[in-house]
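Notes for the one structure printed next.
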Amino acid sequence: MAGYRTERVGRLLQERIGALIVEGKIKDPRVDTFLSITRVSMSRDLVYGDVYVSSYKSAEGLAKGVAGLQNAAGFIQARLAEQLRMRHTPHLRFHADPGIREEFELIQKIEGLMGNEDQRRSAADQ
């Protein structure tokens, strides 16, 4: 039963933090609206939340964005405390998640291979 609550709180935090980023509420210039919250992993006692952030931009841009979010963690926690009905707001720790970038690169490689295959077929047909 406790696993369900941690999962539910994690999804809620993911949604709310993502909304803060998209709406531009976080004023740190390192935080780009292209950052995406991929998941939030909560501790069993709901004291800590590990927030995984991803972007399709460069790894350097992602690292800057994560640093900006970590710098704004107090602000984000204060906004979450206003929005959520919890006794204690979790302490947030932000981590880079290269997942979206890796998927983006993989799709580009597949499209490149498919384009090469189409070129070979058209050349063979002529």
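The values are calculated or read from the model by the stated rules, or taken from the named source; none is laboratory data. Predicted model only: the values in this text are computed from it and were never measured. Reconstructed Cβ throughout: ideal geometry from the backbone, glycine too, with neighbour counts over all protein chains shown.
Restricting attention to region 108-124, which residues are at pLDDT below 80 and aliphatic (A, V, I, L, M)? Talk me through it step by step, then tell me what you get.
Quick first cut of region 108-124, residues at pLDDT below 80 only: 115-124.
Matches in region 108-124: Ala123, Ala124.
If we scan region 3-17, do we find a residue that is farther than 17 Å from Ile76 by Cβ, at pLDDT below 95 and of a type in the set (Gly, Ala, Ser)?
yes
In region 32-55, which residues are in contact with a Phe, Trp or Tyr (Cβ under 9 Å, 6 or more places away or on another chain) and either surrounded by 16 or more Cβ atoms within 10 Å (Cβ to Cβ) or closer than 14 Å to Phe94 by Cα (or both)?
Result: Ser36, Ile37, Thr38, Arg39, Val40, Ser41, Met42, Asp50, Val51, Tyr52, Val53, Ser55.
Counting only residues that are of a type outside the set (D, E, K, R) and not in a helix (DSSP H, G or I), how many does region 71-113 have? Spell out the reasoning first.
Taking region 71-113 and keeping what is of a type outside the set (D, E, K, R), we get 71-78, 80-81, 83-84, 86, 88-92, 94-96, 98-100, 104, 106-108, 110, 112-113.
Narrowing further to those that are not in a helix (DSSP H, G or I): 72, 84, 86, 88-92, 94-96, 98.
Number satisfying all stated conditions: 12.
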